[in-house]
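See structure below.
Nothing in this text is a laboratory measurement; each read-out follows from the coordinates by a stated rule. Remember, predicted model here, so these are calculated numbers, not experimental data. Cβ sites come from the backbone with ideal geometry, for glycine too, and all protein chains shown count toward neighbours.
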Amino acid sequence: MTQHFVTLQGQKEPIAVGKIVCIGRNYVAHIEELKNQKPSQPMFFVKPATALAPIDQPIRIPPYSSECRHELELAALIGKTLRNCRKEDVLPAITGWAVALDVTLVDVQDRLKKAGHPWEIAKGFDGACPCSAFVPAAKVPNPQDLLIDMKVNGEQRHHDSTQLMIWDIPTMVADASQYFTLEPGDVFLTGTPAGVGSLKPGDRLEMEIQHVGKYQGSVAR
């Protein structure tokens, strides 16, 4: 069976990834810009490990979609098993932080939602989670106070702080652990701030999360 890996800076061996757990609607302004309702509790979905791709590798939009959207997010690397855990257990179990994209096929997702069907093919397709190398957790002073910044072709898109999360990282990860056992090597995406926008072939991306890293990317023609 083919395994999919991420790297942690300072560690020689790559880390096999089991799954990618994501939280949706975790910033108020993002909820408002998409005209969604604010959820009463954290809302999760899962991407397969096959969705991972290097963040500097061109994003390839599948041929079954004509409307693709970017969502830049802080990603956490789980280093210890978390199951039915407490909030205070979370940060000690996170071994690294990365810059990641949740790439969404908006037209596909909307069509499937209206039909009452699952929408994994809009969020979990191959390459739907571009991700950087992980920075050791000790090098990020406060993951709850980081600027998320993204430009597309020089145009400002995301520019907000992780302070604006509805559910902070310990709360969301502890809640998710009540439903999914989080295992070493799992990746957790913490939500996107306002500023989501479309991606088109030929677009150039500049992505940065304070203390975590700055990267350039593109969309394949």
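Please work out the C-alpha center-to-center distance from region 125-169 to region 192-221 and express it in whole Å.
11
Applying the Karplus parametrisation 6.51 cos²θ - 1.76 cosθ + 1.60 with θ = phi - 60° to the phi angles of region 81-88, what ³J(HN,Hα) value in whole Hz is obtained for each residue in order, glycine and proline being reported as x?
Going residue by residue, I get 5, 10, 9, 6, 8, 8, 4, 5 Hz, with x marking Gly and Pro.
May I ask you to sort Tyr179, Tyr27 by Cβ crowding, counting other Cβ atoms within 10 Å and putting the fewest first?
Working: Tyr179 13, Tyr27 22.
The most exposed by this proxy come first: Tyr179, Tyr27.
Return P(r) of the chain (all Cα-Cα pairs; 5 Å bins starting at 0; whole %; ordered from short to long distances).
Cα pair-distance distribution for the chain, in percent: 1, 7, 15, 21, 22, 18, 11, 4, 1, 0.
With no solvent and one equal point scatterer per Cα, compute the Debye intensity ratio I(q)/I(0) for region 36-162 at 0.14 Å⁻¹ and report its log10, rounded to two decimals.
The calculated log intensity ratios at q = 0.14 Å⁻¹ are -0.77.
Can you give the percent of C-alpha pairs in region 110-180 whose distance is more than 21 Å? Before the final figure, lay out the partial values.
Values: 1401 of 2485 pairs.
Counting pairs separated by more than 21 Å, the tail of P(r) holds 56 percent.
For every helix of n ≥ 4 consecutive DSSP H residues, a contribution of -39,500 (n - 2.57) applies; sum these over the chain, divide by its total residues, and give [θ] at 222 nm rounded to the nearest 500 deg cm²/dmol.
Details: 5 runs with 31 residues, N = 221.
Value at 222 nm, helices only, nearest 500: -3000 deg cm²/dmol.
In terms of modelled amide H atoms, which long-range or inter-chain residues lie less than 5 Å from the amide H of Gly197?
Long-range HN contacts for Gly197: His70.
Using 26 Å as the Cα-Cα cut-off, could you pick out the over-long pairs in Lys114/Lys151; Lys12/Lys139; Lys12/Lys80?
Result: Lys114/Lys151 exceed 26 Å.
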